[in-house]
1. Can you tell which of A:ASP125, A:ASP171, A:ASP80 shows the greatest fluctuation in a Gaussian network model of chain A with Cα springs below 10 Å?
2. Select from the range A:30-88 those GluC sites (Glu not before Pro) which occupy a DSSP coil region and have at most 16 other Cβ atoms within 10 Å, ordered by residue number.
3. Taking only Cα atoms and a 10 Å spring cutoff, compute GNM fluctuations for chain B and point out the largest among B:ALA60, B:ALA21, B:ALA69.
4. Out of A:PRO206, A:PRO141, A:PRO69, any idea which swings most in a Gaussian network model of chain A, alpha carbons joined below 10 Å?
5. Taking neighbour Cβ counts within 10 Å as the exposure measure, how do A:VAL121, A:VAL201, B:VAL16 sort from fewest upward?
6. Can you pull the mean other chain C-beta count within 10 Å for peptide B:68-75?
7. Helix B:19-30 sits at what angle to the longest principal axis of chain B, using alpha carbons and giving 0 to 90 degrees rounded to 10?
8. To test your reading of the geometry: what angle, between 0 and 90 degrees and rounded to tens, separates the Cα axis of helix B:53-63 from the longest principal axis of chain B?
Amino acid sequence: MAAVTVAVVRFGGSNCDRDARRALEHLGVDAEIVWHEAGLPEDTTGVVVPGGFSYGDYLRAGAMAARSPVMEEVRAAAADGTPTLGVCNGAQIGCEGGLTPGAFTTNRSARFRCEHVHLRVENADTPWTAAYDDGEIIELPIAHGEGRFEIDDDRLRRLRAEDRVLFRYCDAGGETTAAANPNGSTDNVAGVLGETDTVAVLMPHPERAALPDIGPTDGQGVLRAFEFE
Amino acid sequence: MTAYTATVTVRLKRGVLDPEAETTRRALERLGFEIEDLRSADRFELDLEADDAAAAETRATEMAERLLANPTIHDYDVEVAEA
């Protein structure tokens, strides 16, 4: 296996950067936290934009970080096929920054939701979901106030037609009901691909479900996308 | 160059749920006010120098497109006045 260094991009207000690094290192993937002003290291073979509250969620969650100079580099790396993952605030940044379609905005309940949710794997034929089966139900934690996925009907149709929905919120039996939708996301969408399958964002936290010592490890599969580069 | 103030108003598109506005509406009702509906918007006042009002509007519009609004969920309008 070639040397792999995943850059975990830290902004002021990021708070899942160390979780992401620890989870990746547990899987044997070399990862380092990179301060956004330093830019991506030359040997970057993967990018994680972690969760948190970058720039205090000013204007809109992710709006400021999405327009920071390092995101120009992240977009370029993503366009070159470098695996790029945005989690939670990183997902908001990804959508604000045009890596992925749609937007994540205020939860339907207007409340912060911090709990474990069930997700149905919608497409197991991507680097982020290859460890799962189509239709498999996994459990990941969420922790967000602005996780409601919004997208217009035409773009949603295109996302579905192109099989770019990764995960949908569901109940324990795999039904994508309104009751199992923690934030009112359109079509229960929890995570999507960008224009290519090497770019993904999701609101749930795979890095918080990756260490056996602290609980379930269903999130490992998402992070394994960084193993095979 | 003339000094202008461009006012950019950003609001959610029709049909996009606004849980904060709904919460605010309910709070007003708890205070005893009767209200049919409530919409919220963000307003940005930009002081800038430009050759004419049209140029000022063009720049403010670009700012709305690139940062102040998110075209996925927002509509916006721009008004320009001499400062």
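1. A:ASP80
2. Loop-located and lightly packed - A:GLU42.
3. B:ALA21
4. The residue that fluctuates most here is A:PRO69.
5. Fewest-to-most Cβ neighbours within 10 Å comes out as B:VAL16, A:VAL121, A:VAL201.
6. So the per-residue partner count for this stretch is 5.
7. 50
8. Taking Cα atoms only, the helix is inclined about 50 degrees.
Read-outs throughout are calculated quantities, based only on the coordinates presented, and are distinct from any laboratory measurement. Please read all numbers here as calculations on a predicted model, not as lab measurements. Note that we place each Cβ from the backbone using ideal geometry, even for glycine, and neighbour counts take in every protein chain shown.
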